[in-house]
Amino acid sequence: MDSTTLLGLAGIGGTLLGAVVGAAGTLGSARITSRTQTNTEEQKARRQAYSACATTLLARRDAAAALLDVFKGDDFDQAAVQARLQEVEGQRDAVARAVGAVAVEGPYDVANDAEYAAKAIELLSGRIRDWAAEVADGRDRDELLQSQLQFAHRDQADMEQMLDTFTAGCRKVLRPTERDRPTRRRLLRRR
């Protein structure tokens, strides 16, 4: 073979090698872009599920706390308690759907935290529902509060703790590099 043929074959080989390397680079870049897009879509779906769940849990928490306030208020009104109770009960399905969406999106820790928060709210709501039934059956509300209010306050504190744990878990998944929020004490020291 003469040098011109060898030079021509080397040129063809180089062109083929360049085409293969270029195609591999294009495929690798497409794979990275696809993976990045998939991760972005998953993060968006999680954010939506977490946000919807937190919103429904917080709304039900507020309704349960308002129900407790009406129940223990000086101007107790059975009709007002029943109206607030219906509001709390009406939110149960929305909470179940929202917690279910978080269970699908995961991870397991956040899904468990959402479920525990929902159960804590249900515990307080159920306790007040039982109280309302007892008062409707003739039990003295003041005696009931005196003997049982400490349990409702414990339920309320547990409910707040579970909600805080859930929202902190959501933030950790959505913003893994974010530091814990500063405590009130640290905020006061900065002044």
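The values are calculated or read from the model by the stated rules, or taken from the named source; none is laboratory data. Every value quoted in this text rests on a predicted model; they were computed, and no experiment measured them. For neighbour counting, all protein chains shown are included, and Cβ atoms are generated from backbone atoms with ideal geometry for every residue, glycine included. Surface accessibility is based on the protein's heavy atoms, side chains included, excluding ligands, DNA and RNA. Shrake-Rupley method; radii C 1.70, N 1.55, O 1.52, S 1.80 Å.
Observations on the structure shown:
- Note on Lys44: lysines with a C-alpha under 23 Å away, same-chain residues under 8 apart excluded, are Lys172.
- Listed residues Ser3, Ser147, Ser51, Ser125 arranged by accessible area, highest first, probe 1.4 Å: Ser3, Ser51, Ser147, Ser125
- With a simple spin-label model that places each label point 7 Å from the Cα along the Cα-to-Cβ direction, the separation between Leu174 and Ala65 comes to 2.0 nm.
- By a 1.4 Å probe calculation restricted to protein chains, Glu89 has an accessible surface near 50 Å², given to the nearest 10.
- Solvent-accessible surface (1.4 angstrom probe) belonging to Leu85, in square angstrom, nearest 10: 10
- Heavy-atom accessible area ranking, 1.4 Å probe, most first, across Tyr50, Tyr108, Tyr116: Tyr108, Tyr116, Tyr50
- The coefficient of translational diffusion for the range 62-172, derived via Stokes-Einstein from the alpha carbon Kirkwood radius under 10 °C and 1.306 mPa s, stands at 107 µm²/s.
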